[in-house]
Structure formats: C-alpha cells, structure tokens
1. In terms of the Cα gyration tensor, with a ≥ b ≥ c the square roots of its eigenvalues, is segment B:1-72 rounded because a/c is under 1.5, prolate because a/b exceeds b/c, or oblate?
2. If A:70, B:115 are ordered by their accessible area, calculated over protein heavy atoms with a 1.4 Å probe, which sequence runs from highest to lowest?
3. If you line up the Cα atoms of segment B:41-138 on their principal axes, what length do they span on each, largest first, in Å?
4. Order B:81, B:152, A:44 by their accessible area, 1.4 angstrom probe, all chains in place, largest first.
5. Along the charge dipole of chain B, which of B:13, B:327, B:116 sits closest to the positive end, that is, farthest toward it, with unit charges on the beta carbon of Lys, Arg, Asp and Glu (+1, +1, -1, -1)?
6. Looking only at other chains, what is the average number of their beta-carbon atoms within 10 angstrom of each beta-carbon in B:113-124?
7. Based on the mean of other Cβ atoms within 10 Å per residue, sort peptides A:101-111, A:55-65, B:130-140 so the most packed one is first.
8. Per residue, how much accessible area does segment B:2-236 show when a 1.4 Å probe rolls over the protein heavy atoms, in square angstrom?
Amino acid sequence: MTWDQMQELMWPATWETLQMVGVSTVCTVVLGLPLGVLLVLTAKGGALQNQPVNKVLGAVVNLARSLPFIILMIALFSFTRWLVGSSLGWQAATVPLTVGAIPFFARLVETNVREVDRGLVEAVQAMGGNTWTLVRKTLVPEALPGIVASVTTTVIALIGYSAMAGTVGGGGLGDLAYRYGYLRFETAFMWVIVAEIAIIVTVIQLAGDYAVRRLANRGRGGGRTRLLRPRADTDLVAS
Amino acid sequence: MITTTDLTKVYRSRGREVTALAGVDLHVRPGEVYGVVGTSGAGKSTLIRCVNMLERPSSGTVTVDGVDLTALAGGENRAGKDLREARRRIGMVFQHFNLLSSRTVQQNVELPLEIIGLDRTQRRRKAAELLDLVGLTDKARSYPGQLSGGQKQRVGIARALAGDPKVLLSDEATSALDPETTRSILKLLRDLNEQLGLTVLLITHEMDVIKSVCDSAALMRGGRVVESGALTDLLARPGSELARELFPLSEFGTGHPGATVLEITFQGDAPAQPFVSQLARTYQIEINILGAAVETIAGRMVGRMRVELPGSRHDNVVPIGFLREQGLQVDVIETANGAVA
Ligand SMILES: Nc1ncnc2c1ncn2[C@@H]1O[C@H](COP(=O)(O)OP(=O)(O)OP(=O)(O)O)[C@@H](O)[C@H]1O
Ligand SMILES: [Mg+2]
C-alpha cells in the first residue's frame, strides 16, 4: 500500500472520527454537566437535598457505567434508529457514545463540584443567593479547571470507544484499522493509523492540560495568564 | 439591632446529640461593636451562623433589625425568598475569606450586587466605591490569589458591605492574620462602624480584639452566655471574669500568706487620686503594691492595681470601705494560703 493510497483512506476516516467524537463530546457535556451538578445538589447537605432522587440518579449512573459499551450499543439500536433515522454511519455512532459517556462524565463532574470549598457556598448563601446563582456563579466557575480536565479525559475515552463503534458500522479510524490492518493484514497501515490516533490523543491531552493550567493559574502566576478575560472593565482601573 | 431569645441548637449525628447552644439571650444595640469570646467549642460560630440562619436554631428566635428571621421559611441549605432578601441586609465576613478564585477582586465585590439585581453600570460604580472604602482601588483587577491575607479580608469586607447592610457579622475575621494586619482590619471595622453606623457582631478568641474595637462583649461557655454587657460596665462589675481577662494582672505577685490582696479598678473619668498614699496615711498601714497597669478600653482609660494589705480580711474591713467610698472598684482576691475573699 502506498502512502497516497493510505492518505486517501485516512483523511475521510479521520474526519469521521473527529465528527463522531466532537458531536458526542458536545452532547455529553450538555447533558452530563447538569447531571453531575444535580448529583452534588441532591446529596446530603446539598442545596436541593433529596435522598430518593439522589439514590435513583446514582443507581442509574452506576448501571449505565457498568454496561459494557458493545452491549450498550446493541441495546440502543432501535433508539438510535428512531433518533437519527439510521443505525449505521458516524451519526448513528454518536448516540451510544453519548449515552455511554454521560454517566462517566457526570461522575467526574460530581467530584469536581464537590471539591469546591464549602465556605464559598456559605458565602453565596449569606449574600442571599439562590440555588441557581450558586450553581452558575460559584460551583461551575470555581470547579471549571477540574471540569475542563474531566472533558479532556472524556474526549480521550470517547476516541477509544469510537474505534469500537466504528467496527460495527460507525466508520472512522477504528473501523479503518480493523478492516485493513486486521482483516487484510496491512500491518504497516494499521500502525500508521494507530500512530495517528496517538497523535490526536496527545494533542487533545496537551491542549486540555494547557487550558486547565491557564484556568487554575488565575491569580497565582502573573496577571496575564487569563483564559476567561473579564469583559470590558478595563477603563475602570486604567487611570 | 440583633436580639436572640432563648436560642438553642442541638446537632444530631448518628444518634449522638451535641448541644451547641443552650439558651442564648443576646442583645446587640444599634451602632455598637459587640464581641463574643469563649473557648473553642463554646458555640460562638454556631451562634453567629444562627443569626443569618446559615444554621437553623433548634428553638428560640432571632430578630435582626426588627425582622424575626426564625419565622422566615427555608433553612440551612436552601432559603426561601424572604430569608434571602433579609440576608442581603446582613453582611458576613469569614475567617478564611471565602472569595471566589475564579473572579477578580472587583467581580467578587460585584457578586452580591448581581444577586440583588443591579445592572452593570450600577454594579461597577458601587464596587468602585466599596473598594475605595477599604483602600483597594488599585487591586480591582487582581485575583484573590494575588493578594495578601489582609487584602483578601478587605475584599471580604467590601463584599459584605455591598448590600448596604445594617449589620455585619464576623466570625474570626482576623484569626488567620498577623498582629499588624489584624490591627489594620480591626481599625477598618471600627471606622466602618463609625462612618456608616454599622452594627458589628464579631466572634473572636483574642481578648485584644475585644479590647481594641468592642463596645460590648459576651463570654460564652458550654453553649451559654455566662457574662455580657458594655465593657465599661463589665470593668466596674465586681468579680467580672471578662474584666479580669480583658485586664489580666495574673503576671503580678499574689502576695504573702496571711495578707489581704485587693484588686483596685479605676476608670478614666474618676478623679485620679493618690489613694494609696492616702490610705497609708489615714490608717497607718504598710501597703505593698504588687502591680499596676493602665490601658485604653472602649476608648476610655482604665487602670488596675493589685495591692497587699497586712492582716486578714477582717482586719481590713475599714480600709476597704474607705477605698470603695472613693468610687473605686475593689475586689478582694484569694490569697496564696487559700483564704477566700
Ligand atoms: N455541623 C455540626 N455537627 C455536629 N456538631 C457540631 C457541628 N458544628 C458544631 N458542632 C459542635 O457544636 C459545638 C460548638 O461549636 P462551634 O463551632 O460553635 O464552637 P466555637 O465556639 O466556634 O469554637 P471555635 O473557637 O473552635 O471556632 C462544638 O462542640 C462542636 O463540636
Ligand atoms: Mg468557631
């Protein structure tokens, strides 16, 4: 197999993987973040303390996490078809990927949010803030470095699962490696793909680490390490 | 301004009960700085947290500025609307500052203003005013992580003042600070008290804090207030434990066996008389001065002196009476050989 031939196969597959992982990540964060926050809020001593709800959420999350991904994928077949209109292709693969990643991500977020200093929660309560204020202005912003690290971990886990999803009709790099490397004994090609996945994973990890460092360094290092630059309050102190 | 009546708080955890407050009656007058002292575990934090319902009292009532907070719905973890409104009028500062590390100093001060619902321009103006008040204008865009402890507490104070509270609660606000920073924070609190007419309820374990900023104080032990009142009254109260703590003479000698030891307290506006020599002259007795000190407490000069008179207490009834007639406060204290006053 020539390099040109490899490339011709690789780029579309890479694009498929990125789309699959990208869309699943967005969906996972959108749904998993509230779930993780809810797990903290409904726990004992939380602002929405509710033992039954907390127990049920916890049980559902644990159950979903203990299902092997391949089983989850098969179990979700008809749901996927109903939602996406097909059970093949990268679009279809995003459904089980998202469903599988939500509980994983939610647990990570739960840990991140629980680590926010209890004193900050009290400070907001003492100011007369409600639960929504607490979540939006304190818990999530303060837990943000941890949450970003959790997103990184989740994206990388999704890349791993996307390879598996690929082999059962999802397409992408995993599928390519399986079809050519394993079924057609194109070992060299397989290693090229593995190397490419490794590069993608590394880049994501580095980018994630960088973002976390930026966020966590607010107020420690120099004044310039600021990812979320406060908006337009420059003129106030410029004088 | 703050009144608690028969306040109790019982913590229950795994069948065990801890009584943190066992019937506390506290009365803080408008515009005063009121200090609460006591040993660790006495219930001081529980008390102050009950004042803004961060902790729901088990029984009793808390009234702040005429509003009975205990009657408002909601509790420790989730407050009802009325309670949240009421809390906006009660500022609180914390031992560990509790500033949001994700926000700049200015944004931290703006947080309560966001909760109140001011728009951006108003928030900015108010935050600038508050930072000016605490002397941190140049740090508006820094993050809490870039500030010293004293600066952080100033931000904490500015934030607590954002809702124009009438009452400021402070739980060991200076305990994490060095003595000099402590002094500057206490001075700030005192200034705010005077400039804004702010009523301050503060918890501390340092008598020096009480001495330098408080008008009144309460001593807590085992969930109860064992002594309370205006400092000037406390100092004039015979056998007052707080007064003795505020003004310790313990490092002085305790006298000889068989002698009578007196502690004489005199306050600034009482004429400074040479009462010792008068006493010696009038009764022809040998007076031994064990120690004396003068300090400023609650803005007044207060002096205390420990003297030893020969003979038992019975022998000295007349001289003691003489001193009391001079308007001095005289406590007869236990002597070295165990004779009780
Ligand atoms: N959440 C809680 N659960 C159970 N017991 C508690 C709780 N909070 C406080 N206590 C108990 O209540 C008592 C009073 O505690 P509190 O924190 O009010 O003391 P304190 O006077 O503030 O002490 P310190 O000077 O050490 O801060 C202590 O015996 C403490 O163990
Ligand atoms: Mg305490």
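1. Numbers: a/c = 2.47, a/b = 1.44, b/c = 1.72.
Because a/c hits 1.5 or more and a/b fails to exceed b/c, segment B:1-72 counts as oblate.
2. Numbers: A:70 70, B:115 20 Å².
Accessible-area ranking of A:70, B:115, largest first: A:70, B:115.
3. Here the Cα extents, ordered largest to smallest, are 45, 31, 24 Å.
4. Details: B:81 130, B:152 55, A:44 160 Å².
Sorted by accessible area, descending: A:44, B:81, B:152.
5. Result: B:116, furthest along the dipole toward the positive end.
6. Numbers: counts 1, 5, 8, 3, 0, 0, 0, 3, 0, 0, 1, 4.
Mean shielding count: 2.
7. On the way: A:101-111: 22.8, A:55-65: 14.0, B:130-140: 18.3.
Peptide ranking by packing, descending: A:101-111, B:130-140, A:55-65.
8. Working: 9270 Å² over 235 residues.
Computed with neighbouring chains in place, this is 39 Å² per residue.
The values are calculated or read from the model by the stated rules, or taken from the named source; none is laboratory data. Remember, it's a predicted structure, so these values are computed and weren't measured experimentally. Every residue, glycine among them, receives a Cβ derived from its backbone with ideal geometry; neighbour counts consider all protein chains shown. Areas reflect the complete protein model, heavy atoms only, side chains present, ligands, DNA and RNA absent. Shrake-Rupley method; radii C 1.70, N 1.55, O 1.52, S 1.80 Å.
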